[in-house]
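Heads up: the structure comes next, in structure tokens.
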Amino acid sequence: MNMEQVRQAYGSIAELYIGLFGTRQQVHADDLALIGRHLAGRPGPVLDLGCGPGHITDYLRSLGADATGIDLVPEFIAHARATHPSGSYQLGSIQKLDVADHSIAGILAWYSLIHLPPQDLDGVLAEFRRVMAPAGALVLGLFVGDEVAAFDHKVVTAYRWPVDEFSERLARAGFTEVERLQRPSDGTHRPHAAIAAIATQG
């Protein structure tokens, strides 16, 4: 699995995806609250990595955050720019961010790490840590399970993680977990976790 395959898979169903997930109202209220709590008050740029249709970037901007949406799917960026014309949206990859070291006050990675093969996770977290300012905030969403395992996601192969193991990976990369939100499967949605973490000194 590589990011080009992910880009093609999402590009091919972009219109359907936007219809299902492309508004703020389609995000769980608890998730929006967590995202806002940790990213809205940041004194500096915030990146929404894997921003998709741009609706959460727009939510962060509505709370006063200097948020920029970045995604590798051109169809999503085109939609975000058209739907939220006052916002900032760019094509880009989570694996190599085109920003200076320690220049970013916050990162949202909302389900944008789920398609990463497990062996690639540490490198991406290291890239997040490279760009993060001291005490910058990271908020992410993931699917959870009893072990690290691939599963047949509707778009393209994704991975679930034991949430404690994911938190350990964050710690290894230089982030300290400060809040966790978990929801079990409800028959429609898979078990989910959201983690907020702060970049540790050093």
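Bear in mind these aren't lab numbers, they're just calculated from the coordinates by the rules spelled out. A quick note: this is a predicted structure, and the numbers were derived from the prediction, not measured. Note that each Cβ is placed from the backbone with ideal geometry, even for glycine, and that neighbours are counted across all protein chains shown.
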- Query: Counting only Cα, what are the radius of gyration and maximum Cα-Cα distance Dmax of segment 3-199, in Å?
  - Reply: 15.3, 43
- Item | Cβ crowding within 10 Å averaged over residues, with 88-100, 66-78, 125-137 ranked highest first | 66-78, 125-137, 88-100
- Item | Under 14 Å, Cβ to Cβ, from Leu97 - net charge with Lys/Arg +1 and Asp/Glu -1 | -2
- Message: With n ≥ 4 as the cut-off for DSSP H runs, can you work out [θ] at 222 nm for the chain, using -39500 (n - 2.57) per run divided by the number of residues, rounded to the nearest 500?
- Response: -10500 deg cm²/dmol
- Item | In Hz, Karplus ³J(HN,Hα) per residue of segment 41-50 (6.51, -1.76, 1.60; θ = phi - 60°; x = Gly, Pro) | x, 6, x, x, x, 10, 10, 9, 8, x
- Message: Spelling out what I want: for every residue of segment 72-85, take phi, set θ = phi - 60°, compute 6.51 cos²θ - 1.76 cosθ + 1.60 (Karplus), and round to whole Hz; glycine and proline get x.
- Response: 8, 9, x, 4, 5, 5, 4, 5, 4, 5, 6, 7, 10, x
